[in-house]
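Heads up: the structure comes next, in structure tokens.
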Amino acid sequence: MTVKSLLLVGGVLLTGTAASAGGYQVTLAGQKNNGMGGVGVGLSLDQAAMFYNPGALALVKQRGVQLGVNGTLARQAFVAEAGGTQRELRNSVTTPFNFYAGFGPAEGKFRAGIAVYTPFGSKLQYANGWEGRTSLTDIELTSIYVQPTVSYAITDQLSVGAGLMVLARGAVNLKRDIPFPDSFGSIELDGKAETKVGFNAGIFFKPSEKLTVGINYRSKIDAEVKDGDVTYTNVPVAFQSRFLATKFSATLPLVATTSIGIGIMPNEKLTIGLDANYAEWSDYRTLDFTFDQPINGSTTSSSKRFYEDALTFRVGGQYQLTSGLTVRGGGAYDFSPVKDGYVTPETPDADRISGTVGASYAFGKFSVDLSSQFVFVQKRTQTQTDLINNGTTDRIAGTYKTTVVVPGIGLNYAF
């Protein structure tokens, strides 16, 4: 085993295949928004404005409490460059959720609230014995952000808002196999990220009853894992002296995002939204790890990522069919930040095309939101020549193809 084969182990500490955005970003933050292609920066639909654009919260018509949950059901196929059996995941189900509570005077200009959501998370379990088993076999990532938010309407047309994004909980568990001359062992890394704080700020402008515009900025947070646990299984006695580390530390950038959005309301029943999101993925150059004791003779490792800044374009709309029933639809095109030759098993990323549908039914102060996303991650191939040329042979050559279905449900109470 070489040091390079350890690099990918470190590389998956805080990353994973996301359901609805490039890299390891997840934007399943509001059920109505999910049904509209993920738009929301230029709209003031409900309390989920705390995530999409805090500046819009002051102009949301009602205060309320809402809870949503999604199930990401991924199907991924992999064929190694050398050929052989097509491999599929054993399991890939995660449950991102969101919770919002918005308060303030009914007729006032001030609103405040609390938001809890899961912007990063994944679960991948590759097929037993797959060709990349020495790079990765299993990964499970969970993260929870808590965001206290305030918003103020300067005029009837202009409002601003901001919130503190607190990385309140982050946890990761990953496993990979270790090759030995006559057998395979395994290594498991398990750690929790430290609490960190960033911010989310936005401006919302309503020049007319039929047009709204918004801009939002979400800052970068460096997620740090310190004193994570390293454990080994089935390491032959003859090799145990080469696996001494019991703790690890690592840092991963949760990158900044700038978004602009437009809302168009041709009539009282129809709302159309368009968003563009710019993610500063170029901050993710390398992933570096420090171990408390040597693994295969080294206490540090560095793995190339060399991500590029990436854009996402979204469009969606909703139409009120009856006094209680509203239907939605939308789509998105998401450019991958991962360059050729830099694809890893924990983030087998490529450009993505998404289609979404949704509906809400309101009865009195209560309402139910349903949504579903269909994400098609384009086929992505990287060759051994790519890996050699880029110095990224700590990952495997082959072709990945992924599709994801994300049903979701939300419950709302307005007051």
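The values are calculated or read from the model by the stated rules, or taken from the named source; none is laboratory data. What you see is a predicted model, and the numbers here were worked out from it, not measured in a lab. Note: ideal-geometry Cβ built from the backbone for every residue, glycine included; neighbour counts use all protein chains shown. Surface areas here come from the heavy atoms of the whole protein model, side chains and all, with no ligands, DNA or RNA. Shrake-Rupley method; radii C 1.70, N 1.55, O 1.52, S 1.80 Å.
Among the residues of the stretch 367-382, is there at least one that is surrounded by fewer than 18 Cβ atoms within 10 Å (Cβ to Cβ) and either at pLDDT below 90 or assigned to a loop (DSSP other than H, G, I, E, B) (or both)?
Looking for residues that are surrounded by fewer than 18 Cβ atoms within 10 Å (Cβ to Cβ) and either at pLDDT below 90 or assigned to a loop (DSSP other than H, G, I, E, B) (or both), one finds none in the stretch 367-382, hence no.
Taking D386, is it under 22 Å from N70 (Cα atoms) and touching a Gly at 6+ places or on another chain (Cβ under 7 Å)?
Numbers: under 22 Å from N70 (Cα atoms): no; touching a Gly at 6+ places or on another chain (Cβ under 7 Å): yes.
No: the conditions fail for D386.
So, G341, is that one open to solvent by less than 10 Å² (accessible area, probe 1.4 Å), at pLDDT 90 or above and touching a helix residue (DSSP H, G or I) at 6+ places or on another chain (Cβ under 8 Å) or not? Before you say what the answer is, go through the steps one by one.
Numbers: open to solvent by less than 10 Å² (accessible area, probe 1.4 Å): yes; at pLDDT 90 or above: no; touching a helix residue (DSSP H, G or I) at 6+ places or on another chain (Cβ under 8 Å): yes.
Here the answer is no, as G341 does not meet what is asked.
Restricting attention to the stretch 239-246, does a residue exist that is surrounded by 16 or more Cβ atoms within 10 Å (Cβ to Cβ) and either among the polar types (S, T, N, Q) or in contact with a Ser or Thr (Cβ under 8 Å, 6 or more places away or on another chain) (or both)?
Checked the stretch 239-246: at least one residue is surrounded by 16 or more Cβ atoms within 10 Å (Cβ to Cβ) and either among the polar types (S, T, N, Q) or in contact with a Ser or Thr (Cβ under 8 Å, 6 or more places away or on another chain) (or both).
Determine whether the stretch 90-110 contains at least one residue that is in contact with a Ser or Thr (Cβ under 6 Å, 6 or more places away or on another chain), closer than 26 Å to T155 by Cβ and touching a residue at least 24 places away in the same chain (Cβ under 8 Å).
Among the residues of the stretch 90-110, not one is in contact with a Ser or Thr (Cβ under 6 Å, 6 or more places away or on another chain), closer than 26 Å to T155 by Cβ and touching a residue at least 24 places away in the same chain (Cβ under 8 Å), which makes the answer no.
For W281, only one of the following conditions fails: (1) out of contact with any Ser or Thr (no Cβ under 8 Å at 6 or more places or on another chain); (2) hydrophobic (A, V, I, L, M, F, W, C); (3) open to solvent by 70 Å² or more (accessible area, probe 1.4 Å). What is its number?
W281 satisfies every listed condition except (3).
Scanning for something surrounded by fewer than 24 Cβ atoms within 10 Å (Cβ to Cβ) and either at positive phi or at pLDDT below 95 (or both), does the stretch 315-323 turn up at least one residue?
The answer is yes, given that some residue of the stretch 315-323 is surrounded by fewer than 24 Cβ atoms within 10 Å (Cβ to Cβ) and either at positive phi or at pLDDT below 95 (or both).
Please specify each residue of the stretch 250-263 satisfying the condition of being in a strand (DSSP E or B) and either surrounded by fewer than 17 Cβ atoms within 10 Å (Cβ to Cβ) or among the β-branched types (V, I, T) (or both). Please lay out each step first, then the result.
Of all residues in the stretch 250-263, those in a strand (DSSP E or B) come to 250-254, 257-263.
If the condition is that a residue be in a strand (DSSP E or B) and either surrounded by fewer than 17 Cβ atoms within 10 Å (Cβ to Cβ) or among the β-branched types (V, I, T) (or both), then T251, T257, T258, I260, I262 are the ones that fit.
With a cut-off of at least 2 residues that are under 26 Å from V343 (Cβ atoms), name the strands (runs of 3 or more DSSP E) lying wholly within the stretch 99-188. Before the answer, list the steps.
Numbers: elements: 110-117, 122-125, 138-153, 158-179.
Strands (runs of 3 or more DSSP E) meeting the threshold: 122-125, 138-153, 158-179.
Would you be able to tell me the number of residues in the stretch 84-98 that are hydrophobic (A, V, I, L, M, F, W, C) and part of a strand (DSSP E or B)? Can you show your working first?
Filtering the stretch 84-98 down to residues hydrophobic (A, V, I, L, M, F, W, C) leaves 89, 93, 97.
With part of a strand (DSSP E or B) added as a condition, the list becomes 93, 97.
Here the count works out to 2.
If D349 satisfies all but one of (1) farther than 18 Å from V406 by Cα; (2) assigned to a loop (DSSP other than H, G, I, E, B), what's the number of the condition it fails?
(1)
Please go through the stretch 284-307 and give me each residue that is surrounded by 15 or more Cβ atoms within 10 Å (Cβ to Cβ) and not in a strand (DSSP E or B), ordered by number.
Y284, N296, R305, F306, Y307
Out of I139, I144, report the one residue that is at pLDDT below 95, surrounded by fewer than 20 Cβ atoms within 10 Å (Cβ to Cβ) and closer than 18 Å to T251 by Cα. Explain how you work it out, then say what you get.
Values: I139 fails: surrounded by fewer than 20 Cβ atoms within 10 Å (Cβ to Cβ).
That would be I144, the only listed residue that is at pLDDT below 95, surrounded by fewer than 20 Cβ atoms within 10 Å (Cβ to Cβ) and closer than 18 Å to T251 by Cα.
Go through the stretch 1-58 residue by residue and tally those that are touching an Asp or Glu at 6+ places or on another chain (Cβ under 8 Å), at pLDDT 50 or above and of a type in the set (A, V, I, L, M, F, W, C).
3
Just name the residue that is farthest from N277 (Cα to Cα) out of those in the stretch 324-338 that are of a type in the set (A, V, I, L, M) and open to solvent by 30 Å² or more (accessible area, probe 1.4 Å). Before you say what the answer is, go through the steps one by one.
Taking the stretch 324-338 first, the residues of a type in the set (A, V, I, L, M) are 325, 327, 332, 338.
Those left that are additionally open to solvent by 30 Å² or more (accessible area, probe 1.4 Å): 325, 327.
Details: L325: 30, V327: 24 Å.
Among those residues, the one meeting the criterion is L325.
Looking at the stretch 56-101 only, could you name the residues that are basic (K, R) and either within 19 Å of the chain's Cα centre (by Cα) or open to solvent by less than 50 Å² (accessible area, probe 1.4 Å) (or both)? Write out each step before concluding.
Of all residues in the stretch 56-101, those basic (K, R) come to 61, 63, 75, 87, 90.
Selection gives R75 alone.
Out of all the residues in the stretch 157-200, which are among the aliphatic types (A, V, I, L, M) and either within 17 Å of Y232 (Cβ to Cβ) or open to solvent by 30 Å² or more (accessible area, probe 1.4 Å) (or both)? Working first, answer last.
First, the residues of the stretch 157-200 that are among the aliphatic types (A, V, I, L, M): 158, 160, 162, 164-168, 171-172, 174, 178, 187, 189, 193, 197.
L158, V160, A162, L164, V166, A168, L174, I178, I187, L189, V197, listed by residue number.
Among the residues of the stretch 161-178, is there at least one that is modelled with pLDDT of 95 or more and β-branched (V, I, T)?
Yes: one or more hits.
Kindly evaluate V235 against the criterion of being touching a strand residue (DSSP E or B) at 6+ places or on another chain (Cβ under 6 Å), of a type in the set (V, I, T) and outside any strand (DSSP E or B). Full working, then the answer.
On the way: touching a strand residue (DSSP E or B) at 6+ places or on another chain (Cβ under 6 Å): yes; of a type in the set (V, I, T): yes; outside any strand (DSSP E or B): yes.
In short, yes.
Kindly evaluate M36 against the criterion of being touching a residue at least 60 places away in the same chain (Cβ under 8 Å) and closer than 17 Å to I262 by Cβ. Let's see the steps before the verdict.
Working: touching a residue at least 60 places away in the same chain (Cβ under 8 Å): yes; closer than 17 Å to I262 by Cβ: yes.
Here the answer is yes, as M36 does meet what is asked.
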